[in-house]
Every structure is written in C-alpha cells, then in structure tokens.
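Below is one structure, written out as structure tokens, with a few remarks after it.
Read-outs throughout are calculated quantities, based only on the coordinates presented, and are distinct from any laboratory measurement. Just so it is clear, the structure is predicted and the values come from calculations on it, not from any experiment. Note: ideal-geometry Cβ built from the backbone for every residue, glycine included; neighbour counts use all protein chains shown.
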Amino acid sequence: MISKNGVSIIICCYNSSSRLKQTLAYIAKQNTQPNINCELIVVDNASTDDTANFAINEWKALANDVIEFKIISETKQGQSYARVAGATHAQYEYLIFCDDDNWLDENYVQTVTVLFNKREDIAILGGLSTAQLEDEAAKPNWFDKFYHSYAVGTASNPEELVHFVHGAGLAIRRSIFKMTTDNRPFLLHGRKQNQLTCGEDGEICARVRLAGYKILYTPTLTLTHFLPAGRLTWQYFKKLHAGFALTHGIIDLYEVALTTKAAKLPPFYWLKKALYFGGIFLKYWPKQYAAYSRTEGTVDELNHLTWRIISINYLKYNFKTIKSYQKIVSFKNSSL
C-alpha cells in the first residue's frame with residue numbers, strides 16, 4: 001500500500017560511481033521530521049562501472065539509519081525506463097527524481113512534503129538549481145549566456161505556475177506519474193550511455209498538463225548541480241543542444257495537442273515543419289556561419305546546428321508523426 005506520509009528519492013544511474021559520493025552525502029543530511037518517512041531508491045540502469053556496489057558501500061559508510069535504502073536494476077537503457085522502474089518500487093506518494101550530480105538542500109524532502117500537502121492541485125514541483133563548477137577558473141566565457149541549458153537558474157524567478165520544470169530535483173505525485181505512464185510508454189527515453197538525447201522531462205510535464213494538473217516552480221526548493229570540467233567545453237555543449245533538437249518534434253506534438261482541439265494532424269504536417277526549419281537554416285546560413293566561424297560560444301552556431309537537425313529529423317520521422325500524435329491525443333482523451 002502506498003503511503004502519503006513519506007517521500008521516495010529516486011536516483012537513476014548509468015555509470016554513476018564517479019558522481020554519486022557527494023549526491024548520497026547530501027541526501028543523508030536531509031532534515032526530515034519524525035512524521036515524514038523517507039526512502040532512497042538507486043536505479044542501476046545497465047551500468048558497467050559497478051555503480052550498484054559503489055552506492056551500497058557509500059550509503060553504508062554514511063551510517064544513515066533514518067532513510068531506507070534500496071538498489072533496483074533496470075536493464076533497458078534510458079532515463080524514462082529507469083524512472084518508471086523507480087516509481088514502481090517506491091512505497092511513498094511523493095517522488096523526487098534526483099540526478100546523480102544533484103546535491104539536494106538539507107530541507108528538500110521537508111519542503112516537498114509541505115508544498116504537496118498544502119497544494120492538492122499541484123502535480124509537479126520544480127525548484128532552483130545553482131551551478132557548482134568543478135573548476136571555477138576554467139568557466140568558459142559563454143557560460144553565463146547559456147547557463148539555463150545546464151538546468152540551472154537564478155534566484156530572481158518568483159514562485160509561479162509554469163508549463164515546464166527541469167528534471168533535476170523534479171518532484172511529482174506517484175499516483176499521477178503512474179496514471180500518466182502505466183500502459184502508456186514514453187515516446188522519449190532520455191540519455192542512453194554517451195548519447196545526450198533528452199526530452200523526457202518535457203514529456204512528463206506535458207502529460208501532467210494533458211491530465212489537467214498544474215506545475216509549480218518555487219525558489220524555496222533548492223539544489224546544487226555539479227558540473228565537471230568535461231561538460232563545459234563548446235563541443236560538449238553543442239552535443240547537448242543537438243540532443244535537445246532531436247526531441248523537438250515530439251514535444252511540438254504535445255504542444256499541438258495541448259493548445260488545439262485537432263483530433264488529427266494534417267497528412268503532411270511533418271513535411272511543412274521540415275521545410276520551415278530547413279528554410280530558415282538556409283536563409284540565415286551565410287550570416288550565421290560568418291558569425292560563428294570567427295569565435296565559439298555564439299547563438300548563431302547553436303541555431304545553425306539545431307534548425308538543421310530539427311528539419312532532418314522531421315524528414316526521418318515523416319508519417320510516423322501522425323501515429324505519434326494519435327497516441328498523444330489518445331492520452332488526452334482517455335482517463336488520464
């Protein structure tokens with residue numbers, strides 16, 4: 001039986017042993033009230049670096065006997081599969097998806113509990129993530145322009161209802177997560193091995209909105225996002241944005257379903273989209289190339305990269321777009 005009197009923290013791991021130590025240490029320091037139960041579920045998503053044993057030994061060394069700890073295995077790679085597995089094994093109604101490089105504030109569990117208890121209309125909570133660079137001296141000159149792409153923000157954003165929050169530290173009601181995913185496989189599956197594909201955060205948020213629930217961003221939920229030096233190169237950043245671009249088509253279909261009453265897509269919707277993005281790629285190609293060929297860290301290069309990928313991906317996906325939209329509309333019209 002699922003208890004509302006508690007929180008399940010779920011860490012989805014693929015080869016995470018080099019990143020988990022601090023993440024587990026911060027979770028072990030959670031200030032939980034006596035009436036708030038808490039468990040930690042580490043999902044080993046087909047790791048090859050002995051992540052599971054590393055997590056077990058680290059948690060044992062932390063000697064935390066308040067938070068229940070367990071390891072589960074999910075052999076199908078992809079963060080969405082790992083999240084579903086974690087939620088399936090969770091025993092509490094409130095879930096926190098903590099990435100393996102997220103250092104949760106000591107009051108994170110308590111704040112999630114208070115907010116969910118107070119606001120029954122809220123299905124998802126997202127908070128303020130601040131960056132902790134491995135080497136501050138090595139921060140690239142373009143980082144402050146693009147920090148939001150690393151799922152970090154600034155404290156200036158007020159508490160408000162939003163359409164999307166990042167998956168880092170995302171909290172969700174288990175009953176709603178299960179309702180929107182049981183027998184409804186995700187269309188986007190997140191990162192696999194070294195592939196920086198993403199979009200599963202946006203898909204969770206879109207499904208919750210389709211079900212008629214609300215998403216709250218609040219700066220009272222805080223965490224630190226650790227960024228190693230290897231993730232702060234321009235080549236890595238371009239690869240990250242290429243991953244964003246590959247998910248654009250599916251997220252776009254969710255937005256169409258959310259904002260229109262159309263039961264079907266026009267037959268050549270995918271072709272119109274491919275021509276549109278291909279057209280703006282070609283239109284601005286000379287100007288953008290002239291800008292980014294002189295220096296790295298430009299918006300021009302990111303646009304040049306993503307418009308091309310989005311256009312090609314629509315062509316690859318072609319008529320499958322119609323089937324995907326039908327699935328999404330079926331979610332909207334079912335008992336979500």
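Could you tell me whether segment 3-89 comes out rounded, prolate or oblate from its Cα gyration tensor? Rule is a ≥ b ≥ c as square roots of the eigenvalues, rounded for a/c under 1.5, then prolate if a/b exceeds b/c, otherwise oblate. Because a/c hits 1.5 or more and a/b fails to exceed b/c, segment 3-89 counts as oblate. Converting the Cα gyration tensor eigenvalues of segment 196-275 into ellipsoid dimensions via √(5λ) gives semi-axes, longest first, of 29, 22, 7 Å.
Taking 20 °C and 1.002 mPa s as the conditions, I'd like the Stokes-Einstein D for the chain in µm²/s, using the Kirkwood hydrodynamic radius from alpha carbon pairs.
Roughly 102 µm²/s, to the nearest whole number.
Against the empirical 2.2 N^0.38 Å scaling, what ratio does the C-alpha Rg of segment 94-217 come to?
Normalised Rg, Cα atoms only: 1.12.
Restriction of the chymotrypsin sites (Phe, Trp or Tyr not before Pro) in segment 295-336 to DSSP coil positions whose beta-carbon has at most 13 other beta-carbons within 10 angstrom yields Phe319.
Counting only the Cα atoms, segment 95-163 fills a convex hull of 123 Å³ per residue. Helix-derived [θ] at 222 nm for the chain: sum -39500 (n - 2.57) over DSSP H runs of at least 4, divide by residue count, nearest 500? It lands at -14000 deg cm²/dmol. The trypsin sites (Lys or Arg not before Pro) of segment 79-186 meeting both criteria, a DSSP state outside H, G, I, E and B (loop) and at most 16 other C-beta atoms within 10 angstrom of the site's C-beta, are Arg119. Shown here: segment 1-153, whose C-alpha atoms stretch 50, 37, 30 Å along the first, second and third principal axes, sorted largest to smallest. Between the alpha-carbon centres of segment 32-69 and segment 267-325 there is a gap of 42 Å. Three principal axis extents describe the C-alpha atoms of segment 214-336; from largest down they are 49, 44, 20 Å. Applying both filters, DSSP loop and at most 11 other Cβ atoms within 10 Å, to the trypsin sites (Lys or Arg not before Pro) of segment 263-310 gives Lys264, Arg294.
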